[in-house]
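First up is the structure itself, then whatever we jot down about it.
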Amino acid sequence: MTADAPSHAAGNTGGTFRSLKYRNFRLFFFGQFVSQIGNWLTLVTQSLLVIHLGGNGLAVGVLAACQFLPILLLGAYGGVVADRSDRRRLLMVVQVAAMLQSFGLAIVAAVHPSLVWLDAVAAISGLTMAFDNPARRSLFVELVDEEDVNNAVGLNSSLMTSSRIIGPAIGGILITTVGYSWCFAFDGFSYFAVLIGLKLMDSDAIRSAPPLAKAQGQVRAGWAYVRRTPELWISLVMMAVVGTLAFNFQVVLPLLVHKTFRQDDVLFTLLFSVLSVGSLVGALVAARRINVGVREVAVSSLGFGAAMLVLAGAPTLWTAFPIALIVGFTSITFLTASTAIVQLRAEPAMRGRVLALQAIVFLGTTPIGGPIVGEICDRFGARSGLVVGGVAALGAGLFGLSRVSTRARGAVTP
C-alpha cells in the first residue's frame, strides 16, 4: 500500500470516488470513458439503421447475435490469452483493431448500407470484444489496491453507464444532422483516448499476477475452478439466465419506441439515456460498498425483474421514462454485484479466464437470446420481450436465494 493511498477497508462503505486517487486508474477511467461513449453511440446507431433499412425485431436480434457470437465461441480462449499476456499491451493491440473496425463501419454506412454488411462488420467487432473484455476487466482491478477493488468495479460500471447516457444522446443529434456514417466515425476517433491512457500508464505500479505459462487444458481448468467455487458458480448461473433473456435492451427498446409507441429516433435515444441515468445512480451507490455476496446478487436480480415487468405495462412513452430510471438502477445493481464477486473471489491467476466465462454467459448468450426475444417482439409486441426478461430475472433471483439458503443450512448442520 502506498503512503498516499490509505485503507478504507473498515466497514461496508467508503468514499465513492476513492479509486481515482491512483494515477493509472485515472488514466484508464478517463480514456475508457471517451471510448465507451463512442461504443454505445455505435450500438444504438446500428440498431436504428437496421430498422430504417426495413429490418424487423428478428433482424435487430440477428445483428446483436452477430456482434456477440464471437464472444460465445472465443471468449474462453480470450480469457486464457489475457492470463498469458501483458494485459496493457494486449489491450493496446485490440483497441487498434477495434478502431479500424469502427472506421470500416463508417465507410459501409456511407457507401453501401445493407443488413448483410452491417452483420458482417458487427461480427468483426465481436471478435475484438472476445479479447478486449477479459483483458480490460482484468487490468483495471490491478490498478488499485485490493481493498479498493469493489470501488473500482463500481466506478467502472458508472463509467459504462455514463457513456450510455451521453453516447445515445450524441447519436440522436448526429443521426438527425449529419447521418449514420458520422456516428461510426466518431466512435473510431474515440479510441485514441484509451490508447493514449494505456500508453501513459506506469507499468511498475500495476498489481499484476505473473503471466500464465502456455499449457494444455487451461480453458477446462477455468471451467473446473468456477464449478468448484460456489459463489462464482451460482453467480454465473444467474448471469446466464439474465444475460440471455433480460439484457436485450438494444433489441427491445427501439422496437418499443418505434413499433409500440410510434415515436422517432430522438425519443428512442432519449429513453435509452434516461435508463442509463438510472444505471449511473445505481453504479455510484454500488461503488460505496466494499463487501458483496450471492444474496446481494439475487436480491438485485429480483428488483430488476420486477422493474422490467412494470416497464412492460407502461401505457405511454412518457410514463415509461420514470420507470426506465428504475430499470436502469436495478439492472446495474445486479451487474455490478455479480461482477464484484468475480473480481474479489477469483484467484489472480484465474481472473482472466473467470471474467471471460462471465462475458460468455452475459454477452455471449446474446446470439441466443437476441433473436429469440426479437422474434417474440415481432409476434406478440415489444412489451412481451420485456415480460420475458422480467420473468427470467425473477427466476434467477429466486434460484440464487434458494442456493444461499441451502448453503446456510448445510453450514450449520452438525
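Once phi is turned into θ = phi - 60°, what whole-Hz ³J(HN,Hα) does the Karplus curve with 6.51, -1.76 and 1.60 give for every residue of the stretch 368-377, x standing for Gly and Pro? So the J values, rounded to whole Hz, are 8, x, x, x, 4, 5, x, 5, 4, 5.
Over what distance in Å are the Cα centres of the stretch 337-394 and the stretch 34-109 separated? One Cα centre to the other: 16 Å.
In the chain, what percent of the accessible surface is made up of carbon and sulfur (1.4 Å probe, ligands and nucleic acids excluded)? Using a 1.4 Å probe with all protein chains present, the chain comes out at 68 percent carbon and sulfur.
Within the listed set Gly31, Gly78, Gly171, the Gaussian network model of the chain (springs between alpha-carbon atoms below 10 Å) gives the highest mean-square fluctuation for Gly31. For the stretch 262-306, the list of trypsin sites (Lys or Arg not before Pro) that fall in a loop by DSSP and count at most 14 other C-beta atoms within 10 angstrom reads Arg262.
The helix-only estimate of mean residue ellipticity at 222 nm for the chain, built from DSSP H runs of length n ≥ 4 each weighted as -39500 (n - 2.57), is -27000 deg cm²/dmol after division by the residue total.
The residue list Ile372, Gln36, Ser114 was ranked by how far each Cα lies along the charge dipole of the chain toward its positive end, using unit charges on Cβ atoms, and Ile372 comes out on top.
Sorting 173-186, 117-130, 345-358 by their mean Cβ neighbour count within 10 Å, with the most densely packed peptide first, gives 345-358, 117-130, 173-186.
Classified by the C-alpha gyration tensor, the stretch 159-277 has an oblate form. Its axis ratio a/c, with a ≥ b ≥ c, is 1.5 or above, and a/b does not exceed b/c. Accessible surface for Leu73 stands near 130 Å², nearest 10, in the context of the full protein assembly shown (1.4 Å probe). Label-to-label distance, Leu115 versus Val237, with points set 7 angstrom from Cα along the beta-carbon direction: 3.8 nm. Accessible surface computed residue by residue for the chain, with neighbouring protein chains in place and a 1.4 Å probe, gives 39 Å² per residue. Taking Lys and Arg as +1 and Asp and Glu as -1, the other residues whose beta-carbon sits under 9 Å from that of Gly352 total +4.
Look at the alpha carbon pairs under 8 Å that are at least 6 residues apart: their mean separation over the length of the chain gives a relative contact order of 30 percent. Rounded to whole numbers, the Karplus 3J(HN,Hα) couplings from phi for the stretch 125-132 are 4, x, 4, 5, 5, 4, 9, 5 Hz, using 6.51 cos²θ - 1.76 cosθ + 1.60 with θ = phi - 60°, and x at Gly and Pro.
For the peptides 100-108, 243-251, residues were scored by their other Cβ atoms within 10 Å and the scores averaged per peptide; the highest-first order is 243-251, 100-108. A crude spin-label estimate for the pair Val391 and Arg89, with each label 7 Å from Cα along the Cβ direction, gives 5.1 nm. Taking Cα centre as origin and charging only the Cβ of basic (Lys, Arg, +1) and acidic (Asp, Glu, -1) residues, the dipole magnitude of the chain rounds to 780 debye. Among His258, His112, the order of accessible area from largest down is His112, His258, computed with a 1.4 Å probe on protein heavy atoms.
What the phi angles of the stretch 395-401 give under the Karplus curve with 6.51, -1.76 and 1.60, with θ = phi - 60°, is a coupling list of x, 5, x, 5, 4, x, 5 Hz, glycine and proline written as x. Taking packing as the residue-averaged number of other Cβ atoms within 10 angstrom, the listed peptides 193-206, 317-330 run from highest to lowest as 317-330, 193-206.
Taking +1 at the Cβ of each Lys and Arg and -1 at the Cβ of each Asp and Glu, which of Val327, Thr339, Gly278 sits farthest along the dipole of the stretch 269-396 towards its positive end, judged by Cα position relative to the Cα centre? In the stretch 269-396, that residue is Thr339. Full extension of the chain segment joining Thr319 with Arg262 gains 19.1 nm, where the gain is 0.36 nm per residue of separation less the Cα-Cα distance. Modelled this way, with points 7 Å down the Cα-to-C-beta line, the labels at Leu53 and Arg295 are 5.0 nm from one another. Amide H contacts under 5 Å for Thr16: none, restricted to partners 5 or more places along the chain or on a different chain, H placed in the peptide plane at 1.01 Å from N. Projecting the Cα atoms of Ala393, Asn24, Ser125 onto the charge dipole of the chain, computed from C-beta unit charges around the Cα centre, puts Ala393 farthest toward the positive end.
The values are calculated or read from the model by the stated rules, or taken from the named source; none is laboratory data. Quantities reported herein were computed from a predicted structural model and do not represent experimental measurements. Quick reminder, even Gly has a Cβ in these numbers, built from the backbone with ideal geometry, and neighbours come from all protein chains shown. The accessibility values were calculated without ligands, DNA or RNA, using every heavy atom of the protein model including side chains. Shrake-Rupley method; radii C 1.70, N 1.55, O 1.52, S 1.80 Å.
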